[in-house]
Amino acid sequence: MDFRQISLVASQLLTQFGLKVLGAIALWLVAQRLIDFALKLARRAFRNQHVDPTLINYLLNIIGVTLRIVLVVAILGFFGVETTSFAALLAGAGIAIGAAWGGLLANFAAGAFLIVFRPFKVGDFITTAGVTGTVTELGLFTTSINTPDNVLTIVANNKIFADNIQNYSANPYRRVDLVAQLHHDVKHNEAIALLKAKISQIPNVLQNPAPDVEIQDFNFAGPVLAVRPYCNNDHYWQVYFDTNKAIRETFSEAGYPIPEYRYAISGSSGNGINNVIPPLSEIT
């Protein structure tokens, strides 16, 4: 076989291989568009059937991964690779990957359990694995949580499933816990009545159950009131800050004295009298 024949055979082989590569690229691009289109149709169909958004995202992830695996197998078959051999190779690789990446499979299994048991759904405000925020996505291996300071946090599903989960959106309302310090000379019943009336006027504070204002504790400055209005989870921080303002305004309008702490230093001066540090108001 002379050089011309070798060049001719090589040219034919390269041409055939090049055409297959171009065909594979075209198949990949067209199939990707079809997969994306199919996923959009599936999402629309799920929404029309009023399927929960959490389940929709999870199912679409599984469908997308499955279709892309089928696409890879089809492209390999286009190149003449035996798909049965590839399936055996894929199964063996799956076992090896499963042994090496047990944590990844654990996250996948945890995600499936989270879908089944439904401790939360997309849009719920939760605390889990040390993260507090709104769930934006429950994926195959991780869950995306957007924190109140607008930071997207990705948490492994297995870590969530193994930890405690606090779902603030599960109930129709939640309680805001605050405290208010009173001076010893203030009549606590009067202060409680004024605070209840003021807090009831705050927007988005629920009237049923009504706000709770009671004596919670005592300290050296005087009684400590527990101030606890109720509101929808979406209005929590607005009610929280407005209640703090209401406490300040109520006590100021009523003319209540500022709570003070008195400290006594053990020991005596030369005349045998204990030294007592007066409150700041007396010094100024």
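The values are calculated or read from the model by the stated rules, or taken from the named source; none is laboratory data. Computed from a predicted model, the values in this text were never measured in an experiment. Positions of Cβ are backbone-derived with ideal geometry, glycine not excepted, and every protein chain shown enters the neighbour counts.
A few remarks follow.
- In region 70-82, the condition of being in contact with a Phe, Trp or Tyr (Cβ under 8 Å, 6 or more places away or on another chain), at pLDDT 80 or above and at negative phi is met by at least one residue.
- Every listed requirement among (1) assigned to a helix (DSSP H, G or I); (2) over 30 Å from Gln16 (Cβ atoms); (3) modelled with pLDDT under 75; (4) of a type outside the set (Val, Ile, Thr) is met by Leu89 save one, (2).
- Members of region 37-51 found to be closer than 23 Å to Ile115 by Cα, of a type outside the set (A, V, I, L, M) and surrounded by fewer than 14 Cβ atoms within 10 Å (Cβ to Cβ), listed by number: Lys40, Arg44, Arg47, Asn48, Gln49, His50
- Output for region 187-222, where each listed residue is within 11 Å of Thr250 (Cβ to Cβ) and either surrounded by 15 or more Cβ atoms within 10 Å (Cβ to Cβ) or of a type in the set (Lys, Arg) (or both): Ala191, Ile192, Leu194, Leu195, Lys196, Lys198, Ile199, Val213
- Residues satisfying the stated conditions in region 108-126, i.e. more than 16 Å from Thr147 (Cα to Cα) and within 17 Å of the chain's Cα centre (by Cα): Ala110, Gly111, Leu114, Ile115, Arg118, Pro119
- Filtered residues of region 52-73 (kept if more than 26 Å from the chain's Cα centre (by Cα), surrounded by fewer than 15 Cβ atoms within 10 Å (Cβ to Cβ) and either in contact (Cβ under 8 Å) with a residue 40 or more places away in the chain or under 26 Å from Val135 (Cβ atoms) (or both)): Thr66, Arg68
- For first residues located in region 196-225 and touching a residue at least 40 places away in the same chain (Cβ under 8 Å), partners that are β-branched (Val, Ile, Thr) and assigned to a loop (DSSP other than H, G, I, E, B) and lie 6+ apart or on another chain with Cβ distances below 8 Å form the pairs Ile199/Val205; Gly222/Val186; Pro223/Val186.
- Inter-residue pairs, beta-carbon under 8 Å, first over 14 Å from Asn57 (Cα atoms) and assigned by TED's automatic domain parsing to the domain that holds Tyr58 and in region 108-135, second at pLDDT 95 or above and not in a strand (DSSP E or B), 6+ apart: none
- Residue within region 228-251 that is at pLDDT 95 or above, among the aliphatic types (A, V, I, L, M) and surrounded by fewer than 19 Cβ atoms within 10 Å (Cβ to Cβ) present: no
- Annotation note: Cβ proximity below 8 Å between a residue of region 248-259 that is aliphatic (A, V, I, L, M) and a residue that is surrounded by 13 or more Cβ atoms within 10 Å (Cβ to Cβ) (sequence gap 6+ or interchain) occurs for Ala254/Ala191; Ala254/Leu194; Ile258/His183.
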